[in-house]
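What follows is one structure encoded as structure tokens, with my remarks underneath.
Since every read-out is calculated from the coordinates, none of them should be taken as a lab result. Since the model is a prediction, treat every value here as computed from it, not as a measurement. Reconstructed Cβ throughout: ideal geometry from the backbone, glycine too, with neighbour counts over all protein chains shown.
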Amino acid sequence: NAGVTQTPKFQVLKTGQSMTLQCAQDMNHEYMSWYRQDPGMGLRLIHYSVGAGITDQGEVPNGYNVSRSTTEDFPLRLLSAAPSQTSVYFCASNQRGNSPLHFGNGTRLTVT
Amino acid sequence: GQNIDQPTEMTATEGAIVQINCTYQTSGFNGLFWYQQHAGEAPTFLSYNVLDGLEEKGRFSSFLSRSKGYSYLLLKELQMKDSASYLCAVWGNNRLAFGKGNQVVVIP
């Protein structure tokens with residue numbers, strides 16, 4: 001039982017490049033979400049999903065896309081990376097809305 | 001929307017008690033979580049309150065007052081490993097919003 005698996009752990013991109021951050025969970029959780037964490041800003045919600053085929057925007061969605069074709073996977077796509085997207089990204093899942101989040105280990109992204 | 005406020009940093013001595021406060025404003029409140037996050041790691045779940053009152057879990061306790069929009073996390077018998085950031089998060093309107101976290105530094 002791996003929990004929430006995020007890849008890669010570290011990534012450096014040039015401005016304008018695109019990439020996908022992968023997230024998979026094996027706990028059959030309905031809810032999945034992506035957060036970014038910046039110094040002094042706390043965790044901010046980017047996008048979330050309440051089930052396969054359903055996604056919605058969080059607090060800071062601009063520049064990011066998501067899809068949820070299966071219960072297990074919730075990839076985050078950066079369409080055209082910008083230095084403002086330099087951050088630590090966390091994927092999380094939970095069984096239902098008011099149950100505890102299980103976090104992945106995070107991806108540290110630097111955009112130059 | 002949701003607005004969550006936490007103090008930023010506090011220092012406490014090993015063996016002491018520390019109280020971390022969290023105030024919030026939200027529409028559609030459905031519960032409040034506390035998470036612990038060590039430097040360079042992912043947050044881990046500590047406690048959940050949805051009704052008013054105190055929830056005790058070993059050395060950690062969490063209190064909620066929904067009418068005041070207020071919660072606190074109480075850490076007793078502080079240990080060096082408790083040095084971490086403590087995050088308050090409010091569940092409402094189908095999403096979880098986090099405060100900026102409170103950094104607790106435990107000194108010998």
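At a glance:
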| quantity | calculated |
| --- | --- |
| Average beta-carbon neighbours from other chains, 10 Å sphere, peptide A:39-49 | 4 |
| Contact order normalised by residue count of chain B, Cα under 8 Å, 6+ apart, percent | 38 |
| Relative contact order of chain A, defined on C-alpha pairs under 8 angstrom at six or more residues apart (%) | 36 |
| Computed FRET value (nearest 0.05) for A:GLU30 with A:ASN65, which takes r as the C-beta separation and R₀ as 25 Å | 0.75 |
| Alpha carbon convex hull of chain B, volume per residue in cubic angstrom | 90 |
| Among A:ASN62, A:ASN98, A:ASN28: highest mean-square fluctuation, GNM of chain A, C-alpha pairs under 10 Å | A:ASN98 |
| Coil-residue trypsin sites (Lys or Arg not before Pro) of region A:14-108, DSSP, other Cβ within 10 Å capped at 13 | A:LYS14, A:ARG96 |
| Residue among B:GLY69, B:GLY58, B:GLY31 with the largest mean-square fluctuation in a Gaussian network model of chain B, springs linking Cα atoms under 10 Å | B:GLY58 |
| Eligible lysines near B:LYS76 by straight Cα distance, threshold 21 Å, same-chain separation 8 or greater | B:LYS57 |
